[in-house]
1. Among the listed residues Ile70, Ile2, identify the single one that is within 14 Å of Val163 (Cα to Cα), touching a Leu at 6+ places or on another chain (Cβ under 7 Å), modelled with pLDDT of 95 or more and not acidic (Asp, Glu).
2. Kindly indicate whether Leu30 is at pLDDT 95 or above and more than 16 Å from the chain's Cα centre (by Cα).
3. With respect to the numbered conditions (1) touching a His at 6+ places or on another chain (Cβ under 7 Å); (2) at positive phi, which one is the sole condition not fulfilled by Val99?
Amino acid sequence: MIAAVDVHYSGEGARAALVAFGDWTSDEALLEGIHRVDRVSPYIPGEFYRRELPCVLPLIAAVKPEVVIIDGYVWLGARPGLGAHLHDALAARGQTCVVVGVAKTPYTGAPAMEVRRGQGKGRRGPSPRPLYVTSVGMDPTAAAQAVASMAGPWRIPLLLRRVDELTRMHAV
């Protein structure tokens, strides 16, 4: 099973969401979950994982997917990003899992694979803006190909759009 997770912050709280699906080309979720967090850590540049992990770990622990897709980077150059910290946190809990990061904006020095897919807003043909894919536990080229194969005609794959939508529904 593959699970995509995302978090939306509002005030002192957050709403985390998870969408799980059977394979990379799925266009329907097998299950969806939401976790509300009343208080989150403040944002600290370069330490975003400290804020995000407590929000998504309960959802991932409940589902135990083989692959987790995050909205962000696994690696920030030579430093671990959210995805690498998530991978380590899951391993510390005895859960082995691939983590794939799908970011919408470039990060200088990140070893990301660019993926161009779908249509941009009001455009026909591929979006001129790529997605940036990083991974741990999966070959980066294979991760990029998997993201490129995801369902939906847009730049952002259908089920990644869905998990983002869930975080914003009935916002905190």
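The values are calculated or read from the model by the stated rules, or taken from the named source; none is laboratory data. Just so it is clear, the structure is predicted and the values come from calculations on it, not from any experiment. Cβ sites come from the backbone with ideal geometry, for glycine too, and all protein chains shown count toward neighbours.
1. Ile70 is the lone residue from the list that is within 14 Å of Val163 (Cα to Cα), touching a Leu at 6+ places or on another chain (Cβ under 7 Å), modelled with pLDDT of 95 or more and not acidic (Asp, Glu).
2. yes
3. Every listed condition holds for Val99 apart from (2).
To keep it simple, each residue is scored yes or no on (1) over 19 Å from Ile156 (Cα atoms); (2) touching a residue at least 12 places away in the same chain (Cβ under 8 Å); (3) buried (at least 19 other Cβ atoms within 10 Å of the Cβ); (4) touching a helix residue (DSSP H, G or I) at 6+ places or on another chain (Cβ under 8 Å).
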| residue | (1), (2), (3), (4) |
| --- | --- |
| Ala4 | no, yes, yes, yes |
| His8 | no, yes, no, yes |
| Glu12 | yes, yes, no, no |
| Phe21 | no, yes, yes, yes |
| Thr25 | no, yes, no, no |
| Glu32 | no, yes, no, yes |
| Asp38 | yes, yes, no, no |
| Pro42 | yes, no, no, yes |
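Table: residues versus (1) of a type in the set (Val, Ile, Thr); (2) touching a Gly at 6+ places or on another chain (Cβ under 9 Å).
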| residue | (1), (2) |
| --- | --- |
| Arg15 | no, no |
| Pro45 | no, no |
| Arg51 | no, no |
| Ile60 | yes, no |
| Lys64 | no, no |
| Asp71 | no, yes |
| Val74 | yes, yes |
| Ala78 | no, yes |
| His85 | no, no |
